[in-house]
1. Which numbered condition in (1) at pLDDT below 90; (2) surrounded by 13 or more Cβ atoms within 10 Å (Cβ to Cβ) is the only one that residue 50 fails?
2. Write out, first by first residue and then by second, each pair whose Cβ atoms fall under 8 Å of each other, whose residues are 6+ apart or on separate chains, and whose first residue, in the range 107-130, is on the phi > 0 side of the Ramachandran plot while the second is of a type in the set (A, V, I, L, M) and surrounded by 15 or more Cβ atoms within 10 Å (Cβ to Cβ).
3. Taking the conditions exactly as written (assigned to a loop (DSSP other than H, G, I, E, B), at pLDDT below 90 and of a type in the set (A, V, I, L, M, F, W, C)), does residue 67 satisfy them or not?
4. Of all residues in the range 99-129, how many are farther than 16 Å from residue 149 by Cβ and either of a type outside the set (A, V, I, L, M, F, W, C) or assigned to a helix (DSSP H, G or I) (or both)?
5. Which count do you get for residues in the range 131-141 that are touching a residue at least 60 places away in the same chain (Cβ under 8 Å) and either not basic (Lys, Arg) or not in a helix (DSSP H, G or I) (or both)?
6. Assuming residue 117 fulfils every condition listed in (1) modelled with pLDDT of 95 or more; (2) out of contact with any strand residue (DSSP E or B) (no Cβ under 9 Å at 6 or more places or on another chain); (3) of a type in the set (S, T, N, Q) apart from one, which condition is it?
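The values are calculated or read from the model by the stated rules, or taken from the named source; none is laboratory data. Computed from a predicted structure; not experimentally measured. We place every Cβ from the backbone using ideal geometry, glycine too, and count neighbours over all the protein chains shown.
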Amino acid sequence: MRNKMSGTAVIIKKSSVMAHPNLTLIGALRQAAQNLKNGAPYAWGNHGACNCGQVLQVITHLSKEEILRFAHTGIGEWTELAEEYCGITKVPAYLLVSKLEAIGLTPTDIHCLEYLQDREILERLPGGFRWLQKNVREDVVLYFETMADVLEEKLLRYIDLPEIEHAFQEA
């Protein structure tokens with residue numbers, strides 16, 4: 001994210017905890033990346049066709065127009081909507097944020113997804129760390145795919161397979 005006053009880049013430095021790794025989130029990121037590769041409409045300034053909008057289209061099966069209509073019941077970008085989310089009011093914009101949170105994203109994750117700036121993901125990019133542009137389709141695809149890979153690796157660490165490993169050693 002660029003600071004409008006100084007023009008300097010600002011990156012959120014998160015703790016080692018990121019989105020909760022799960023198959024739904026991993027699959028949504030991979031499908032959103034594939035949709036973008038296949039030419040899905042993309043416009044960073046449109047709540048329904050931006051980075052978070054792409055993931056929401058996958059998990060809610062809503063069109064970009066429907067997401068845009070719901071998002072306009074709240075104020076701000078996805079970052080502000082996520083930070084101000086209240087599970088009690090349940091106005092439509094906040095229902096969309098609750099869908100993102102239900103698949104394992106925190107408000108910080110939502111911000112990083114929208115701005116492509118999670119340091120852990122950027123450090124794992126093929127070819128090494130580099131800045132990505134939030135409004136460049138190819139960068140969004142790369143970020144989504146890398147995030148899915150990182151989450152998948154974390155998920156695999158939770159799976160204990162000692163019996164399977166033992167069976168292969170005996171064979």
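1. (1)
2. The qualifying pairs are 116/122; 116/132; 116/140.
3. On the way: assigned to a loop (DSSP other than H, G, I, E, B): no; at pLDDT below 90: yes; of a type in the set (A, V, I, L, M, F, W, C): yes.
So residue 67 does not fit the description; no.
4. Quick first cut of the range 99-129, residues farther than 16 Å from residue 149 by Cβ only: 99-103, 105-108, 110-111, 114-115, 117.
With the extra rule that they be either of a type outside the set (A, V, I, L, M, F, W, C) or assigned to a helix (DSSP H, G or I) (or both), the set shrinks to 99-102, 106-108, 110-111, 114-115, 117.
Going through the range 99-129 one residue at a time, the tally reaches 12.
5. The initial filter retains those residues of the range 131-141 that are touching a residue at least 60 places away in the same chain (Cβ under 8 Å), namely 131, 134-135, 137, 140-141.
Remaining after also requiring either not basic (Lys, Arg) or not in a helix (DSSP H, G or I) (or both): 131, 134-135, 140-141.
Residues flagged as touching a residue at least 60 places away in the same chain (Cβ under 8 Å) and either not basic (Lys, Arg) or not in a helix (DSSP H, G or I) (or both) within the range 131-141 amount to 5.
6. With (1) modelled with pLDDT of 95 or more; (2) out of contact with any strand residue (DSSP E or B) (no Cβ under 9 Å at 6 or more places or on another chain); (3) of a type in the set (S, T, N, Q) applied to residue 117, the lone miss is (2).
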